[in-house]
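Heads up, the thing below is written out as structure tokens.
The values are calculated or read from the model by the stated rules, or taken from the named source; none is laboratory data. No experiment lies behind these values; they were computed from the predicted model shown. Ideal geometry is used to build each Cβ from the backbone, glycine not excepted, and the neighbour counts take in all protein chains shown.
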Amino acid sequence: MGGKVIVERDAGVATVTLSNPAKKNALNLKILNELKAALDRLSEEDTRCLILRGEGSEAFCAGYDITQIPAGGSGEAQVLLSSNPFDDMIRAIESFPSPVIAMLNGFAFGGGLEMAVACDIRIASDQAVFGMTPARLGIIYRPAGLMRFVNTIGLPATKELFYTARKVSSRRALDLKLVGRVCPPEELPQVVLEMAREIAGNAPLSIRGTKRILALCMQFRDFPPGEASVVENLIRSCMESRDLLEGKQAFLEKRKPVFQGR
């Protein structure tokens with residue numbers, strides 16, 4: 001299996017690139033494992049914002065490499081069903097402590113589009129094309145994956161996307177709220193990097209706490225006692241942080257704050 005994952009750092013911003021250009025950056029077990037390992041490593045470092053992209057300008061990710069999907073009765077199929085490395089990777093994106101921006105620089109189909117939906121923010125080239133194609137392959141998508149789309153674009157748009165298996169332009173994706181912003185391809189890297197740097201310049205405890213609470217809000221209408229205490233602790237840690245003192249002092253002095261994440 002070919003392909004690899006490339007990680008680059010720019011101060012508090014990390015860029016993770018899926019590199020499998022011969023297959024339009026399609027996923028396979030090697031890439032899934034490398035991507036999860038990279039996310040786990042970066043989550044332990046001072047990564048204040050993460051950019052996820054595909055190599056080149058043709059594709060973000062064309063989904064799972066069809067030639068690598070094992071036959072139903074094979075031993076490898078049983079491994080996939082039990083350990084589910086794709087779901088492990090998706091959860092690693094969703095649970096990444098800092099915001100993740102999907103830089104959609106080209107095709108995003110199937111599992112590649114779900115990977116983008118798992119990110120916090122999606123910015124697309126106006127040349128990008130999207131689609132969910134399981135109906136054309138004879139596959140029923142997993143409930144967790146379907147709900148990921150329902151929570152992002154709503155039930156009617158999810159039905160349209162999955163029932164038709166139609167390719168969707170970036171402009172239509174914007175209408176469906178599948179992406180939050182569209183720009184010319186030559187401007188995309190700079191637009192994404194500027195937003196990532198803006199996020200990285202804000203208070204890390206505030207950003208991480210907000211992301212965690214939003215995730216809990218999507219799980220629970222009324223927080224059970226255990227989760228309510230998590231929320232209270234997140235808010236308290238911010239109120240007692242040095243960063244809050246720095247933010248207030250910088251406001252009074254009319255300067256940009258320098259946050260340390262503590």
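The figures follow:
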{"item": "Checklist (1) surrounded by 12 or more Cβ atoms within 10 Å (Cβ to Cβ); (2) assigned by TED's automatic domain parsing to the domain that holds D88; (3) assigned to a helix (DSSP H, G or I); (4) not aliphatic (A, V, I, L, M) applied to C238, failing item", "result": "(2)"}
{"item": "Test: residue in segment 19-31 that is at negative phi and touching a Lys or Arg at 6+ places or on another chain (Cβ under 6 Å)", "result": "yes"}
{"item": "Scope segment 88-97; condition surrounded by 17 or more Cβ atoms within 10 Å (Cβ to Cβ) and within 20 Å of V179 (Cβ to Cβ); matching residues", "result": "I90, I93, F96"}
{"item": "Single residue of segment 125-163 satisfying the filter (touching a residue at least 24 places away in the same chain (Cβ under 8 Å) and hydroxyl-bearing (S, T, Y)) that is farthest from A102 (Cα to Cα)", "result": "Y163"}
{"item": "Total residues in segment 155-172, condition surrounded by fewer than 13 Cβ atoms within 10 Å (Cβ to Cβ) and within 19 Å of the chain's Cα centre (by Cα)", "result": "0"}
{"item": "Conditions (1) under 17 Å from I51 (Cβ atoms); (2) touching a Leu at 6+ places or on another chain (Cβ under 9 Å); number of the one not met by E194", "result": "(2)"}
{"item": "Segment 110-126: number of residues that are buried (at least 17 other Cβ atoms within 10 Å of the Cβ) and more than 14 Å from the chain's Cα centre (by Cα)", "result": "2"}
{"item": "Matching option when the condition is in contact with a Pro (Cβ under 8 Å, 6 or more places away or on another chain) and in a strand (DSSP E or B), among L32, L50", "result": "L50"}
{"item": "Meets criteria (surrounded by fewer than 21 Cβ atoms within 10 Å (Cβ to Cβ), closer than 24 Å to M218 by Cα and out of contact with any strand residue (DSSP E or B) (no Cβ under 7 Å at 6 or more places or on another chain)) for L137", "result": "no"}
{"item": "Entirely in segment 111-161, the helices (runs of 4 or more DSSP H) that have 1 or more residues that are among the acidic types (D, E)", "result": "111-118"}
{"item": "K24 being more than 16 Å from R91 (Cα to Cα), in contact (Cβ under 8 Å) with a residue 60 or more places away in the chain and among the charged types (D, E, K, R)", "result": "yes"}
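Residue-wise test of (1) of a type in the set (D, E, K, R); (2) over 21 Å from A196 (Cβ atoms); (3) in contact with a Leu (Cβ under 9 Å, 6 or more places away or on another chain).
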{"position": "D88", "(1), (2), (3)": "yes, yes, yes"}
{"position": "A92", "(1), (2), (3)": "no, no, yes"}
{"position": "G111", "(1), (2), (3)": "no, yes, yes"}
{"position": "A124", "(1), (2), (3)": "no, no, yes"}
{"position": "P134", "(1), (2), (3)": "no, yes, no"}
{"position": "F149", "(1), (2), (3)": "no, yes, yes"}
